Amino acid sequence: IGFIREIIYANNFGLSSEFDLFLASVALPNVINTSIIYLAQHYFVPSYNKIRKLSEADGKDFFNYTFSWFIIGGVVLSILLYLTSGLIFNSYLSSLSVEKQQLGIRIFILFLVTIPLNSGMSIIMAFQQANFNFTYPAISLILLNIIVIIFVILFSDLLAILILPISFVAAYFAAFIFLVVLVKENLTFLSAELFKIKYNFSEIRILIALIIIEGSSLSYVLIDRYFISDVSVGGIAALNYAFVIFSLPISLFSIPLITTMFSKFSNSPQTLNVDFKNSLNMNFFIMIPFVFIFFFWGDYFLHLFYERGKFTSGDTLLTYSALQYYSFSLVFLSTYFLIVKILYSISQYLFVLKISLAAFVLKIALNILLVKDFQQDGLALSTSIIFAFLCISSFFFLIMKNTKINGRSIIEFLIYFMINGFIFY
C-alpha cells in the first residue's frame, strides 16, 4: 500500500522542485519517526520479555511506563524542533528562495505533530509483536497509507504540496486511535507510578545507546537532503523513488522475516544458531535475484509503476541510474538487518553503536567526495558502500563472538545463491 502511495506521488508531483522541497523538509521528522519505531522494537521487546518472564503484572506495568514516557518524549522533542525550525532550515536550505524556505518550514511544522503520535504507536506495535500479534500493527500502517492516498487523490489539486503533510497528520491520528483501542484493557496512561524511578541505570544506558544508534543509522537520508543544492533539479526525488523500489523486497520479505525472528531470538537463545542460519539462507535465496532484476531491468519497473502524469521518460532514466547504484547493496542491507537483531538479542549494543557512528562519519565523507562528479548517483553509491560496511563488519564480529556460527558455510551458501542468481538472470 505504501508503494501504491509512492506511485500516486509520482503521478501528481513527478521529479518537481516542490517534491524535492517536501522530501528535504520532512527528512528530519521522518528520520526521527523511523528511529523511534526501531528504538521501540530494539529496546522494548527484549526488556519486556525479560520482565514478563518474572511477572506478567510487571510486564504490563513496563508497557504502560514505556508508552507514557515515549509520548512525553515525543511531545518535548516536537516542541524543541518547532522552536528551532528557523535555525534548522537556514542550515541546509539557505540556497533556496525565502518563499520556498517558508513553505518548507510550514511542511516541517505540520509533520512535527506526527512525532508524539508515532511514539505511542511504536510502543503499542512493539508490545503486540512481543506477544506474537503481528497482524494489527500491519493493519495500522495499511490504514495510515490508505488515508494518505485518499487525501492526495481528493485534495492535491486544491492544496498542492501541502496536502502531503496534512494527510500524514490525519493518518497518524487515525492509526494511533486504532492501536489504542486494541490495547485499552492493558493501558493506563499517565499513572501515578510514572515519575518514580523503576528501572536501573543499565536500562537507561541501553536506551541512550539505542537512540544514538537508530538516529545515526537512519540519518543517511537526512545527510543526502543536505546536498540538495549540489544535485540536479529532481535529483532528491529520483533518489526517493529509486529507494522505494529498492526497499520493496525488504518490506515484503525481509522485514516480516526479521520481525518474527527477533522475538524468537530473544526468547529462544538455545536455537539461535540454527534460526540465524535458516533465516540467512532464506534471505539470500530471495534477495540475490532481486539484485539482478533491479540492476538489469529496473527501468522497466520504473516505466511500469511511475511513468505517467508528471513523471516523464526522462525522469525514469534519472531514477533508474540511482536504482542501479542502490541495487548493489540489497543483500548487504537485508543481511545487516538480520545480524543486528542477533546482536541486540545478545546485548552487543556497544559494538553496534561504534559501527553506526563510524558509518555516519563515513557517509558524510563519501557524499562530499562523490556528489561533485556523480550528483545524486554519488549519494546512492555512498549509501550502498555504507550498507556493505555495516554488514561485513557486523558479520565478522558476530562470528568472533559466537564460535558456533559457521562463517565458512554461510559464505558458501552466499556463493551458491549468487550462482543461482546468474542462472536466474
Out of Phe134, Phe111, Phe67, Phe127, sole residue that is within 23 Å of Leu222 (Cα to Cα), in contact (Cβ under 8 Å) with a residue 24 or more places away in the chain and under 21 Å from the mean Cα position of the chain (by Cα): Phe111
Residue list for region 151-160, filter: free of Cβ contacts under 8 Å to residues at least 40 places away in the same chain and in contact with a helix residue (DSSP H, G or I) (Cβ under 8 Å, 6 or more places away or on another chain): Phe151, Phe155, Leu159
Condition broken by Phe292, with the remaining ones in (1) in contact (Cβ under 8 Å) with a residue 40 or more places away in the chain; (2) open to solvent by 30 Å² or more (accessible area, probe 1.4 Å) satisfied: (2)
Residue list for region 396-425, filter: among the aromatic types (Phe, Trp, Tyr) and farther than 14 Å from Asn281 by Cα: Phe396, Phe397, Phe422, Phe424, Tyr425
Selection status of Tyr92, in contact (Cβ under 8 Å) with a residue 24 or more places away in the chain and farther than 29 Å from Ala126 by Cβ: yes
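Yes or no, residue by residue, for (1) touching a helix residue (DSSP H, G or I) at 6+ places or on another chain (Cβ under 7 Å); (2) under 26 Å from Ile8 (Cα atoms); (3) of a type in the set (Gly, Ala, Ser); (4) assigned to a helix (DSSP H, G or I):
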{"site": "Ile105", "(1), (2), (3), (4)": "yes, yes, no, yes"}
{"site": "Pro116", "(1), (2), (3), (4)": "yes, no, no, yes"}
{"site": "Gln129", "(1), (2), (3), (4)": "yes, no, no, yes"}
{"site": "Ser140", "(1), (2), (3), (4)": "yes, yes, yes, yes"}
Scope region 137-150; condition free of Cβ contacts under 8 Å to residues at least 40 places away in the same chain and either open to solvent by 20 Å² or more (accessible area, probe 1.4 Å) or of a type in the set (Ser, Thr, Tyr) (or both); matching residues: Ala138, Ile139, Ser140, Leu143, Ile147, Ile150
Near pairs, Cβ below 6 angstrom, 6+ apart or cross-chain, from region 46-59 (more than 19 Å from Met261 (Cβ to Cβ)) to any residue that is open to solvent by 70 Å² or more (accessible area, probe 1.4 Å): Ile51/Asp58
Which listed residue, of Leu343, Leu280, Leu362, Leu366, is within 30 Å of Asp230 (Cβ to Cβ), crowded, with 19+ Cβ neighbours inside 10 Å and hydrophobic (A, V, I, L, M, F, W, C): Leu366
Residue that is under 24 Å from the mean Cα position of the chain (by Cα) and at pLDDT below 90, where the choices are Asn267, Asn281, Asn273: Asn281
Residues that are open to solvent by 20 Å² or more (accessible area, probe 1.4 Å), part of a helix (DSSP H, G or I), touching a residue at least 24 places away in the same chain (Cβ under 8 Å) and not β-branched (Val, Ile, Thr), drawn from region 389-408: Phe389, Ser393, Phe395, Phe397, Lys401
Tally, over region 73-87, of residues that are in contact (Cβ under 8 Å) with a residue 40 or more places away in the chain and either acidic (Asp, Glu) or open to solvent by 30 Å² or more (accessible area, probe 1.4 Å) (or both): 3
Helices (runs of 4 or more DSSP H) completely within region 1-56 that count 3 or more residues being among the basic types (Lys, Arg) and either at pLDDT 90 or above or open to solvent by 10 Å² or more (accessible area, probe 1.4 Å) (or both): 45-54
Some residue of region 322-336 being hydrophobic (A, V, I, L, M, F, W, C), within 25 Å of Phe19 (Cβ to Cβ), at pLDDT 85 or above and surrounded by fewer than 21 Cβ atoms within 10 Å (Cβ to Cβ): no
Inter-residue pairs, beta-carbon under 8 Å, first open to solvent by 30 Å² or more (accessible area, probe 1.4 Å) and in region 302-316, second at pLDDT 90 or above and acidic (Asp, Glu), 6+ apart: Glu307/Asp315; Ser313/Glu307
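The values are calculated or read from the model by the stated rules, or taken from the named source; none is laboratory data. On a predicted model such as this, the values are computed, not experimentally measured, just so you know. Every residue, glycine among them, receives a Cβ derived from its backbone with ideal geometry; neighbour counts consider all protein chains shown. For accessibility, only protein heavy atoms count, side chains too; no ligands or nucleic acids. Shrake-Rupley method; radii C 1.70, N 1.55, O 1.52, S 1.80 Å.
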